[in-house]
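The values are calculated or read from the model by the stated rules, or taken from the named source; none is laboratory data. None of these values were measured; they are calculated from a predicted model. Glycine also receives a Cβ, built like all others from the backbone with ideal geometry; neighbour counts cover every protein chain displayed. Side chains are part of the model used for accessible areas, which takes the heavy atoms of the whole protein and leaves out ligands, DNA and RNA. Shrake-Rupley method; radii C 1.70, N 1.55, O 1.52, S 1.80 Å.
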Amino acid sequence: DRERILYIDVCDTKLFNNNDNIPKEYDSFYVGKGDAVRKKFRIDENGLMEISMAFPSTRERLAYILKRTGILYSYDDFSAILKEAVLCGCNTQIVTEEGLKEYKADQYLETDITKWAENIKEQFCQKA
């Protein structure tokens, strides 16, 4: 029943958006939980801006940077920053041990929320 499903998006689209069509000034990278991948396969990070848990210090500043980022390379393949980057108009690439893979914002989500809820229920709820 669709009316009984609560959906809360983790991305603040008032901050993370491409409404202003700001020119892209630089490329960036994010490591996050991707330290193991970074040790095995490392892109050329020279000239790239590093985004981390400590920098930038606010969500507003992160949105400012992402709106000006042309390409975001991420060693972390499951982070909110990936969707935030896409919302800001970034070409978002996931760095894997095999190379680069384009991030698709919906790759982890079902387009049918009811189907998604049923899949979660099946995966995590044991039948009595």
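Once the Cα-Cα distance is subtracted from the 0.36 nm per residue extended length, the Ser52 to Asp35 segment shows a gain of 4.9 nm.
Placing unit charges on C-beta atoms (Lys and Arg positive, Asp and Glu negative, everything else neutral), compute the dipole magnitude of region 1-87 about its Cα centre in debye, rounded to 20. Each step should come with its number before you reach the end.
Numbers: 14 positive and 15 negative charges, 25 e Å.
Roughly 120 debye, rounded to the nearest 20.
Ranked by the mean number of other Cβ atoms within 10 Å per residue, highest first, peptides 24-30, 64-70 order as 64-70, 24-30.
Rolling a 1.4 Å probe over the heavy atoms of the protein chains gives region 6-104 an accessible area of 59 Å² per residue. For the residue pairs Lys39/Lys67; Lys67/Lys104; Lys40/Lys101; Lys14/Lys83; Lys83/Lys104; Lys33/Lys83, the alpha carbons lie more than 20 Å apart in Lys39/Lys67. For region 17-86, just say rounded, prolate or oblate: build the C-alpha gyration tensor, square-root its eigenvalues into a ≥ b ≥ c, call rounded for a/c under 1.5, and beyond that prolate if a/b exceeds b/c, oblate if not. Prolate. For region 29-100, averaging the sequence separation of C-alpha pairs within contact (under 8 Å, six or more residues apart) and dividing by the residue count gives a relative contact order of 40 percent.
Surface composition of region 68-108: carbon and sulfur atoms hold 49% of the protein heavy-atom accessible area at a 1.4 Å probe.
Residue by residue, region 76-89 carries 3J(HN,Hα) couplings of 8, 8, 9, 9, 4, 4, 5, 5, 4, 5, 4, 4, 8, x Hz when phi is fed to the Karplus relation 6.51 cos²θ - 1.76 cosθ + 1.60 (θ = phi - 60°); x denotes Gly or Pro.
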